[in-house]
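**Q** Just dropping this structure here.
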């Protein structure tokens, strides 16, 4: 291997295989862990991962395994590429192998992923001096149509990464930017956490599309699902997110404004904007209600935003309505199992102590 | 005229014209009031109302007028056949003409219509000893395709009527049953108010059908709008209504059970039941969100049910979610202008005092 940073990738899905293949091709020693024997065996049988698309080649990870400890132990950068609802379980499973100086990166972290990961390690009495980082989205647009094959359609040209504690962000960026120079640092994990657009764009429209989801109609999520009233509601919801960021001193743009910056889409309303966004033209609507749009984006998106609102004294009435309606409709208590202040180990913490914790990783 | 009870009908829409025509044909002296000059002039020009369907004939009201006082003054039974959101205004307008011994009937009353009507008269310092009654639905399935023409497709064979105070119910029934023997008395106005199925069957499905309402699709409200998840949610919502009735000592059946009794429809779920109900087969879904399904059924249906829950100590979390989501989506504060305890003049009243008020009409 031509480079020294040892990478462990936890999760052999679309993102995980793309990362493992790409980083291997860059010359890094890479270990890939997946829970499924079939995935691991298939990759080992062919000796690596075939990568196509904007990156082409045959990447050969050093190790592809179902043994989490073998993958994680001693790795410099551990990339966790898994559904956000699995982060807590993965933290518990990693705890025995964690060592000082490592960096764990939730890629992406949804909202408050790093806080949850760190708290879960603490609960496991796992206290080495390490960095837990999170990104605000996945760096690729990619697919892994089968084990051992990753198709990278595009690589994002910006990605926010923030670290808990924020004081370690420079160190983490130093490691990661060698491979991905387009990563930029966030002020603290609130920047990536509140940059979670899925929490805004998924649960509310999904609820308000319930009948269409369970109907005989085929439909397009953005073009048809964000009707004028739904778009207007989502814009109000998004204001709560921007207000919340403001309370943390973070100057965030609205999602509609972001569509302008990222896609060049100009429109008077969100409903218009998504219709004009070519990247959204072919995204289909789901055909069942129990999808990640609710099951993940409520407990690891809206719930922690609402809870951060409580901590910071920012009202989030629309977020509450959506999260509670989703809980009721699916008969799932997202406030019992979601990323609440209590479940994040932050119950009773004051605003100033919390801001200091984000910076230093030390609870007052 | 062959009969002595003088009827005034307030409202010349579908139900009002059908009632005015039908009661005239029965031989009662009838006065019909409508706000629109065109409606009144058209009926006067042809000298009455042509009634067709299950009732046939040409009904000749004594008076058809835009003068509310002329219609209402001295009438024995004043039938108010108007959207529930207009009840308060109508009460204010009637106040100068009210006299002891009259009966005002909200037909139908939605939820807490009689309480609101009585309270509005009180606010106008209008305190004659009168009865305010309400029905749980309209007695006809009918249409008035143009002024002076009423088509009565069917006449319901049961209708609950309850009176504020309940002590006057026998008297009111005596007057009304002469014309409509199928009317049965409710224990008190909670029986008609909590029998308001529109509050359950309209707002929640409408919200969850938002995208379909604003879509390019034509759709059927019951057959397609009550999908499995929506039906399951509505059944839970309906349990809150039944629980609330229980707190008033009223043994109400669920809406699904009522479909079995009224339409002979047997099904394991509400979603199945509405699909099997032939009466619902052709009911179309709306094409805009701002309809009576939200604008009327939230402030005069869900809101007063939620408020009655507070008074009686019964939780109504799903009703609250729907009412608040509707408020938020339409940017209308249904809790400010709806039938709350405060707006009904019941703020601070205890459960026992309220039960006594329902019975006697006297506030402790």
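The values are calculated or read from the model by the stated rules, or taken from the named source; none is laboratory data. Nothing here was measured: the structure is a model prediction, and the numbers come from that model. Here the Cβ is made from the backbone with ideal geometry for all residues, glycine too, and neighbour counts use every protein chain on show.
**Q** Inspect all residues belonging to segment B:347-360 and state whether any of them is more than 14 Å from chain A (Cβ to nearest Cβ), in contact with a strand residue (DSSP E or B) (Cβ under 9 Å, 6 or more places away or on another chain) and under 16 Å from residue B:118 (Cα atoms).
**A** Within segment B:347-360 (the criterion being more than 14 Å from chain A (Cβ to nearest Cβ), in contact with a strand residue (DSSP E or B) (Cβ under 9 Å, 6 or more places away or on another chain) and under 16 Å from residue B:118 (Cα atoms)), the answer is yes, since at least one residue qualifies.
**Q** Something else: Give segment A:197-218 a look and list any residue that's surrounded by 23 or more Cβ atoms within 10 Å (Cβ to Cβ) and either modelled with pLDDT under 95 or within 11 Å of another protein chain (Cβ to nearest Cβ) (or both), or say none.
**A** Across segment A:197-218, the qualifying residues are A:204, A:205, A:206, A:207, A:208, A:209, A:210, A:211, A:212, A:213.
**Q** Could you name every one of the strands (runs of 3 or more DSSP E) located completely within segment B:3-116 that has at least 3 residues being in contact (Cβ under 8 Å) with a residue 40 or more places away in the chain and more than 29 Å from residue B:127 (Cα to Cα)?
**A** Working: elements: B:7-10, B:30-33, B:49-53, B:57-59, B:63-65, B:77-80, B:103-106.
Passing ranges, in order: B:49-53.
**Q** Same structure, new question: Looking at segment B:303-321, which of its residues are over 15 Å from residue B:247 (Cα atoms) and within 14 Å of chain A (Cβ to nearest Cβ)?
**A** B:317, B:318, B:319, B:320, B:321
Okay, residues lined up against (1) under 19 Å from the mean Cα position of the chain (by Cα); (2) closer than 18 Å to residue B:189 by Cα:
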{"residue": "B:86", "(1), (2)": "yes, no"}
{"residue": "B:95", "(1), (2)": "no, no"}
{"residue": "B:104", "(1), (2)": "yes, yes"}
{"residue": "B:114", "(1), (2)": "yes, yes"}
{"residue": "B:118", "(1), (2)": "yes, yes"}
{"residue": "B:125", "(1), (2)": "no, no"}
{"residue": "B:133", "(1), (2)": "yes, yes"}
{"residue": "B:138", "(1), (2)": "yes, yes"}
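**Q** With the requirement that a residue be without any contact (Cβ under 8 Å) to a residue 60 or more places away in the chain and either in contact with a strand residue (DSSP E or B) (Cβ under 7 Å, 6 or more places away or on another chain) or surrounded by 16 or more Cβ atoms within 10 Å (Cβ to Cβ) (or both), what does segment A:172-190 give you?
**A** Of everything in segment A:172-190, those that are without any contact (Cβ under 8 Å) to a residue 60 or more places away in the chain and either in contact with a strand residue (DSSP E or B) (Cβ under 7 Å, 6 or more places away or on another chain) or surrounded by 16 or more Cβ atoms within 10 Å (Cβ to Cβ) (or both) turn out to be A:173, A:177, A:180, A:182, A:183, A:184, A:185, A:186.
**Q** Related question: Pick from A:103, A:120: which is surrounded by fewer than 24 Cβ atoms within 10 Å (Cβ to Cβ), at pLDDT 95 or above and touching a strand residue (DSSP E or B) at 6+ places or on another chain (Cβ under 6 Å)?
**A** A:103
**Q** Quick one: is residue A:161 in contact with a strand residue (DSSP E or B) (Cβ under 7 Å, 6 or more places away or on another chain), in a helix (DSSP H, G or I) and under 30 Å from residue A:50 (Cα atoms)?
**A** When the stated conditions are applied, residue A:161 does not pass them.
**Q** Can you name every one of the helices (runs of 4 or more DSSP H) wholly within segment A:269-364 that holds 2 or more residues which are under 20 Å from the mean Cα position of the chain (by Cα) and surrounded by fewer than 17 Cβ atoms within 10 Å (Cβ to Cβ)? Even if it seems obvious, please write down each step before you answer.
**A** Details: elements: A:270-276, A:292-295, A:303-312, A:317-330, A:334-337, A:351-360.
Those helices (runs of 4 or more DSSP H) do not exist here; none qualify.
**Q** Within segment B:219-252, how many residues turn out to be in a loop (DSSP other than H, G, I, E, B), more than 20 Å from residue B:108 (Cβ to Cβ) and more than 11 Å from chain A (Cβ to nearest Cβ)?
**A** Taking segment B:219-252 first, the residues in a loop (DSSP other than H, G, I, E, B) are B:219, B:226-227, B:248-252.
After this cut, where a residue has to be more than 20 Å from residue B:108 (Cβ to Cβ) as well, the list is B:219, B:226-227, B:249, B:251.
Subsequent filtering for residues that are more than 11 Å from chain A (Cβ to nearest Cβ) retains B:249, B:251.
Summing the residues that are in a loop (DSSP other than H, G, I, E, B), more than 20 Å from residue B:108 (Cβ to Cβ) and more than 11 Å from chain A (Cβ to nearest Cβ) in segment B:219-252 gives 2.
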